[in-house]
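Undergrad: Starting off with a structure, shown below.
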Amino acid sequence: MAVFELTDWDVRLQDRFYNDGWLISPELHRVLSPFFYRGFKIFTATVGAFCLICFMLSFKKEKLKAYRFAFLMLLLSIIFVPAIVAGAKQVTNQYCPKHIVRYGGVVPHVGVFESYPADFIQVKKGKCFPAGHATSGFAFMGLFFCFATRRKRLAGLAFGIFAGWMTGTYQMLRGEHFLSHTLVSMIASWIVISAIYCLLKRFCTDPANPMRADNS
């Protein structure tokens, strides 16, 4: 947060995505949305529903019992990461790049800890920080706690980071978010995921917890 508040890195990077219009225009977004926007939201919701069903069936199906903790861990990550991290944008009062004057909008660009100019009449609060759509990808960092071996855990973490930055970068190219929005979203998502695991570890004695297994 301090780096982006004290430097102009956000704007300098965002300038590369704008030239009298964003690299991903509204027309192009309609074409790509089934893959990078609406489609990825459906994918995340589908995985969440799958985890919920498998978690419930694990109490009846012996074959699924060994994966009960993993199903619950990923399910809670998919639910609470977007709810908490993306939900924070309701109170931060920050606008998207496309809203600010520099990129053809009507609102001034101010930092998270700065005040808006006294003569600025705010008709509607900004709801763009931290990045919301990227949390549907960063939620998959919860896969780190779903596997027994170090290699699989790192692969799961890498998938979550990749998915989050894929969706986050897509939004940046549309003028929906600055780099700092996505980076803070990633860090906050990891904090939420770690908290979920710590709570499960404390209150859930399920022997299927993969982190109890060999850490090789």
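Where a number appears in this text, it was derived from the coordinates with a stated rule and is not lab data. The shown structure was predicted, so the numbers you read here are calculated from the model rather than taken from an experiment. Note that each Cβ is placed from the backbone with ideal geometry, even for glycine, and that neighbours are counted across all protein chains shown.
Undergrad: Ranked by Cβ crowding within 10 angstrom, fewest neighbours first, how are Ser136, Ser25, Ser185 ordered? Show your work: numbers first, answer last.
TA: Working: Ser136 26, Ser25 13, Ser185 29.
In order of increasing Cβ crowding within 10 Å: Ser25, Ser136, Ser185.
Undergrad: Of Val31, Val47, how do they rank once you tally other Cβ atoms within 10 Å and put the fewest first? Please report the intermediate quantities before stating the final value.
TA: Working: Val31 10, Val47 16.
Going from least to most buried by this count: Val31, Val47.
Undergrad: A further question on this structure: What are the ³J(HN,Hα) couplings of the stretch 29-38, residue after residue, when phi is run through the Karplus curve with 6.51, -1.76, 1.60 and θ = phi - 60°? Round to Hz, x for glycine and proline.
TA: 4, 4, 7, 8, 3, x, 9, 9, 10, 4
Undergrad: While we're on this one: What number, rounded to the nearest 500 deg cm²/dmol, is the helix-based mean residue ellipticity at 222 nm of the chain, given -39500 (n - 2.57) per DSSP H run of at least four residues and division by all its residues? The partial results should precede the final answer.
TA: Working: 10 runs with 122 residues, N = 216.
That comes out to -17500 deg cm²/dmol.
Undergrad: Working out 0.36 nm times the residue gap between Lys65 and Arg202, then minus their Cα-Cα distance, what length gain in nm do you get to one decimal?
TA: Values: separation 137, 0.36 × 137 = 49.32 nm, distance 1.92 nm.
In short, 47.4 nm is gained.
Undergrad: Using Cα positions and a limit of under 28 Å, work out the lysines in reach of Lys61, with same-chain residues fewer than 8 apart set aside.
TA: Leaving aside lysines fewer than 8 places away in the same chain, those within reach of Lys61 are Lys152, Lys201.
Undergrad: Normalised by the number of residues in the chain, what is the relative contact order in percent for Cα pairs under 8 Å and 6+ residues apart?
TA: Relative CO of the chain lands at 27 percent.
Undergrad: Tell me the net charge near Tyr95. Cut-off is 15 Å between Cβ atoms, Tyr95 excluded, with +1 for each Lys or Arg and -1 for each Asp or Glu.
TA: Working: positive: Lys89, Lys98, Arg102, Lys124, Lys125, Lys127, Arg174; negative: Asp10, Glu114, Glu176.
Neighbour charge sum, excluding Tyr95 itself: +4.
Undergrad: Considering only Leu154, Pro108, Val123, whose Cα is most displaced toward the positive end of the charge dipole of the stretch 107-162, charges sitting on Cβ of Lys, Arg (+1) and Asp, Glu (-1)?
TA: Leu154
Undergrad: Still on this structure, please answer the following. What is the extension gain from Phe120 to Val91, computed as 0.36 nm multiplied by their sequence separation minus the C-alpha to C-alpha distance, in nm to one decimal? Before the final figure, lay out each step's value.
TA: Numbers: separation 29, 0.36 × 29 = 10.44 nm, distance 1.84 nm.
Going from the current span to full extension adds 8.6 nm.
Undergrad: Let me ask you something else. Please give me the summed charge of the neighbours of Ala131: other residues whose Cβ is under 10 Å from its Cβ, Lys and Arg +1, Asp and Glu -1. Before the final figure, lay out the partial values.
TA: Values: positive: Lys89; negative: Glu176.
So the surrounding residues net to 0.
Undergrad: Given that just one value was derived from the coordinates, which of (1) 51; (2) 45; (3) 41 is percent of Cα pairs over 23 Å apart?
TA: Given (1) 51; (2) 45; (3) 41, the structure-derived one carries the label (1).
Undergrad: Got a sec to turn the phi values of the stretch 136-153 into Karplus ³J(HN,Hα) couplings, 6.51 cos²θ - 1.76 cosθ + 1.60 with θ = phi - 60°, whole Hz, x for Gly and Pro?
TA: 5, x, 5, 4, 6, 5, x, 4, 4, 9, 9, 10, 8, 9, 4, 4, 5, 4
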